[in-house]
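In what follows, a single structure is set out as C-alpha cells and then discussed.
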Amino acid sequence: MAGGSVQTVPTTPFEGQRPGTSGLRKKTRVFMRPGYLENFVQSVFNAVRADSGEDFHSATLVVGGDGRFYNREAIQTIIRMAAANGFRSLLVGRGGILSTPAVSAIIRRRRAFGGLVLSASHNPGGIEEDFGIKYNTRNGGPAPESVTERIYAETQTISEYRTLEHASVDLEREGSTRVGGCEVVRIDPLEDYTAVMEGLFDFDSLRALFRGGFRMLFDAMSAVTGPYARHILEEKLGAPAGTVINGVPLPDFGGHHPDPNLVHASELVARMSGPGAPDFGAACDGDGDRNLILGRDFFVSPGDSLAVIAEHAATSIPGYREGLAGVARSMPTSTAVDRVAKKLGVRCYETPTGWKFFGNLLDAGLATVCGEESFGTGSNHVREKDGLWAVLSWLSILAATRKSVAEVVRDHWREFGRSYYQRHDYEALDAAAAADMVGTLRESLSVLAGTPLGESRVERADDFSYTDPVDGSTTVRQGIRIFLEDGSRVVLRLSGTGTSGATLRIYLEQFREDGGRGDLEEILAPLTRSVRDLLKLRKRFGTDEPTVIT
Ligand code: VG1
Ligand code: CO
C-alpha cells in the first residue's frame with residue numbers, strides 16, 4: 001500500500017509537557033485533545049533527530065503499549081508521524097501490546113534507535129483515567145534527563161508536526177506493511193522477551209519445580225503481563241492452567257488500579273492466605289515493570305526482595321553465576337541491599353528515584369542488579385525494571401534453596417538484620433499547599449539537627465542530590481532525608497508520576513538486628529506520629545491518614 005505525501009501541520013505548544021519520573025502522564029482526555037500527542041511525539045523526534053545521524057533514514061523505532069484505552073489510536077498516530085519523519089522501519093507489538101521490559105529487550109536485541117512506550121504504568125486506565133508515553137533510547141532504557149529536558153524544550157517552541165495520510169495499519173496480524181517510505185512490521189510481542197529470560201534462567205529446573213507440585217498464582221491485573229506470564233509460566237514452565245489470573249489485557253484493567261501492592265492486588269492477597277494457599281504469589285503492574293512477591297500469608301517488602309535477589313543471584317540464577325559487579329538502589333529504598341553488597345564485597349550505588357538513573361551504571365558495568373522501593377527490581381539484562389524477571393528470580397531462589405518464601409526472608413533477616421520499612425502515600429493533595437510544606441521543611445533542614453523525633457533525635461537532614469559517576473551530571477532536590485541518632489531514616493518527596501494534584505510520599509525505615517521478629521507497625525509508630533506532627537499534615541490537609549501504605 002503506498003502512503004500519502006508528507007503533511008506539515010501547524011501547531012502551538014501545550015503547557016506542561018515535561019516528562020516526569022517516567023515519561024509524560026496525563027488524563028486520557030488531555031492526550032485526546034487534537035494535537036496533544038502529536039506535539040509530544042514530534043518534540044521527541046525533534047530532540048533526538050540529530051542523534052540518529054541521518055534524519056532517521058536508517059533508524060528503527062519500537063512502538064507498543066500496555067493495552068490501555070487509547071493505546072491503539074495513539075499507535076496509529078505514531079505510525080503516520082514516524083513514517084512522515086523519515087524512519088526506515090517501525091517494530092510494533094502485535095495488537096499494540098508490548099510490556100516496558102519487552103520494549104527494552106527488543107530495542108537492544110534488534111539494535112533499534114529507540115522506542116515509544118504507551119503506558120501510565122500502575123495508574124488506572126480508561127477515558128476518565130490516565131494515559132502516558134515515554135521515550136527509550138538506544139540502550140533500551142528510559143531517556144536520561146539530558147534527553148527529557150531537550151524534549152521538554154522542544155514542546156515549548158513547537159510550531160508544526162509532520163504526518164501523512166494513510167489508512168490505519170492492521171495491528172492484529174503479524175507482518176509487514178509500507179507506510180510512506182517506512183516499513184511497519186508487526187512483531188510477536190513475546191518472542192524477544194522470552195528469549196532473554198531463557199538465556200538467564202534455568203527453565204529445566206523451574207519446570208521440575210512445577211512438576212514436583214509447587215503451586216503459584218500470578219495476577220496480571222488485567223494488564224500487559226497476562227500474555228507474557230501465560231506463555232512463560234504456563235506454556236514454557238508447565239505451571240497448571242489457572243496459575244495466571246486476570247490474564248487478558250483490558251482497556252480499563254477491569255476498573256482496577258493495575259498497581260501490585262497489598263491494597264490494589266487484594267484478590268491475590270486473599271487467595272494467598274490460609275493453609276491451603278499456593279506456595280508463591282506474584283503480580284505485575286500495568287506495563288509489566290513492577291512486581292509484588294508473596295508467600296503463603298507472607299508479604300515480601302520490595303527492599304527485602306531486592307536484597308534477597310542480590311544475595312542469591314550468583315548461586316541460584318545461571319545468568320549471574322559470575323557474581324554481581326555491584327548493586328544500585330534508589331535513595332528512598334531500604335538499606336537492606338547495602339548490607340548484602342557489603343558481604344559480597346561490591347559497591348552499592350544510591351540514585352534518585354526513577355529507573356533512568358540506573359542506565360549509566362548498568363551500561364558502564366558498575367551495577368548488575370538494581371531496585372526501587374516501589375516494587376521495581378531488575379538487572380543488566382535490559383535497561384528497565386522487569387516484573388516477570390523478579391518473579392523468575394524468586395522462583396529460581398525457591399527452587400535452589402528448597403525453602404518457602406517466608407523461610408528465605410527470615411533467614412535473610414537472621415543473617416543481615418531487618419530494615420523495618422514502610423512508605424506512606426498522601427494522594428491528590430492540593431499542589432500549592434504540598435509545595436509550600438516541602439519548601440518550609442527544606443528551609444528548616446539546617447536547624448533540625450538535635451531536635452527530638454520519634455524515640456530518638458535528628459542527627460542530620462539534607463536534600464538529596466546526585467552526581468552520576470559515569471557522566472558527571474548532577475541532579476538536585478531529589479528528596480529530603482532526615483537521619484536519626486538511632487539509625488532510623490525518614491525520606492520525603494513529591495511524586496513525579498501523578499496526574500491530579502500532588503502526591504506526598506513519606507518513607508520510614510528503622511534497622512534492627514533482632515532476627516526480624518519485631519512488629520512492623522509497632523516499631524514504626526512513634527516515628528510515624530512525630531513526622532506527621534512535624535509536617536503539620538492534619539493542619540495543612542485536614543487529615544494525616546495516608547491514602548496508601550506499602
Ligand atoms: C514512582 C515510583 C518510582 C518509579 C516510578 C515509575 O515515581 O516512586 O520509584 O520509578 O513511579 O514507575 P514517583 O515520582 O511517583 O514517586 V512505573 O512502574 O509507574 O513506570
Ligand atoms: Co510500571
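Could you bin all the Cα-Cα distances of the range 307-450 into 5 Å bins starting at 0 and give me the percent of pairs in each, rounded to whole numbers?
Reading the bins upward from 0: 2, 9, 16, 19, 19, 12, 8, 7, 5, 3, 0.
For the range 418-549, what is the convex hull volume of its Cα atoms per residue in Å³?
Enclosed volume per residue, from the Cα hull, is 130 Å³.
Give me the one-decimal nm value for the distance between modelled label points at GLU455 and GLU350, 7 Å along each residue's Cα-to-Cβ direction.
The two pseudo-label positions are separated by 2.3 nm.
Pop a pseudo-label 7 angstrom from the Cα along the beta-carbon direction at both GLU485 and ASP430 and give the gap in nm to one decimal.
3.7
With equal scatterers on the alpha carbons only and no solvent term, can you work out the Debye log10 of I(q)/I(0) for the chain at 0.05, 0.10, 0.12 1/Å?
Summing over Cα pairs of the chain leads to -0.19, -0.80, -1.16.
Once you charge only the Cβ atoms, +1 for Lys and Arg and -1 for Asp and Glu, what is the size of the charge dipole of the chain about its Cα centre, to the nearest 20 debye?
320
Toward the positive end of the charge dipole of the range 418-549, about the Cα centre and with charges on Cβ (Lys, Arg +1; Asp, Glu -1), which of GLN510, GLY439, VAL458 goes farthest?
GLY439
With a 1.4 Å probe and all protein chains kept in place, how do PHE298, PHE45 rank by accessible area, largest first? It would help to have the intermediate numbers written out before the result.
Values: PHE298 25, PHE45 0 Å².
Output order, biggest surface exposure first: PHE298, PHE45.
Using the per-residue mean of other Cβ atoms lying within 10 Å as a proxy for protection, in what order, highest first, do the peptides 207-214, 301-308 fall? Intermediate values should be presented prior to the final figure.
Working: 207-214: 14.2, 301-308: 26.2.
Ranking the peptides 207-214, 301-308 by packing returns 301-308, 207-214.
Could you please state how large a percent of the accessible area of the range 418-549 is carbon and sulfur, counting protein chains only and using a 1.4 Å probe?
C and S atoms contribute 46 percent here.
At 1.4 Å probe size, with every protein chain present, just tell me what the per residue accessible area of the range 99-255 comes to in Å².
Accessible area per residue: 38 Å².
Could you give the angle, 0 to 90 degrees to the nearest 10, between helix 191-200's Cα long axis and the longest principal axis of the Cα atoms of the chain?
For 191-200 against the chain, the angle is about 40 degrees.
Determine the dipole magnitude for the range 418-549: charges of +1 sit on the beta-carbon of Lys and Arg, -1 on that of Asp and Glu, nothing else is charged, the reference point is the Cα centre, and the result goes in debye to the nearest 20.
240
Quick check: residue separation of THR547 and ALA270 times 0.36 nm, minus the Cα distance between them. What number comes out in nm?
Separation in residues times 0.36 nm, less the Cα-Cα distance, equals 97.7 nm.
How far, in degrees from 0 to 90, does helix 36-48 lean away from the longest principal axis of the Cα atoms of the chain, to the nearest 10?
90
Rounded to the nearest 20 Debye, what is the dipole magnitude of the range 193-416 about its Cα centre when Lys and Arg each give +1 and Asp and Glu each give -1 at the C-beta?
In debye, rounded to 20, the range 193-416 gives about 560.
Going by average Cβ density within 10 Å per residue, which order do the peptides 98-105, 438-445, 498-505, 394-401 take, highest to lowest?
Output ranking for 98-105, 438-445, 498-505, 394-401: 98-105, 394-401, 498-505, 438-445.
For helix 405-416, what angle does its Cα long axis make with the longest principal axis of the chain, in degrees from 0 to 90 and rounded to 10?
Approximately 60 degrees, to the nearest ten.
Over the Cα atoms of the range 6-187, Rg to Rh with Kirkwood Rh, two decimal places?
For the range 6-187, the value is 0.92.
Would you calculate a helix-derived [θ] at 222 nm for the chain, using -39,500 (n - 2.57) for each DSSP H run of n ≥ 4 and dividing by the full residue count, to the nearest 500?
When only DSSP H runs of four or more count, the value is -9500 deg cm²/dmol.
Farthest toward the dipole's positive end in the chain, which of VAL409, HIS424, THR8, given Cβ charges of +1 (Lys, Arg) and -1 (Asp, Glu) about the Cα centre?
Farthest along the dipole direction, towards plus: THR8.
The values are calculated or read from the model by the stated rules, or taken from the named source; none is laboratory data. Quick caveat: nothing in here was measured; it's all calculated off a predicted structure. Cβ coordinates were reconstructed from backbone atoms using ideal geometry, including for glycine residues, and neighbour counts include every protein chain displayed. Ligands, DNA and RNA are stripped out before the accessible areas are found, and what is left, the full protein with its side chains, is counted by its heavy atoms. Shrake-Rupley method; radii C 1.70, N 1.55, O 1.52, S 1.80 Å.
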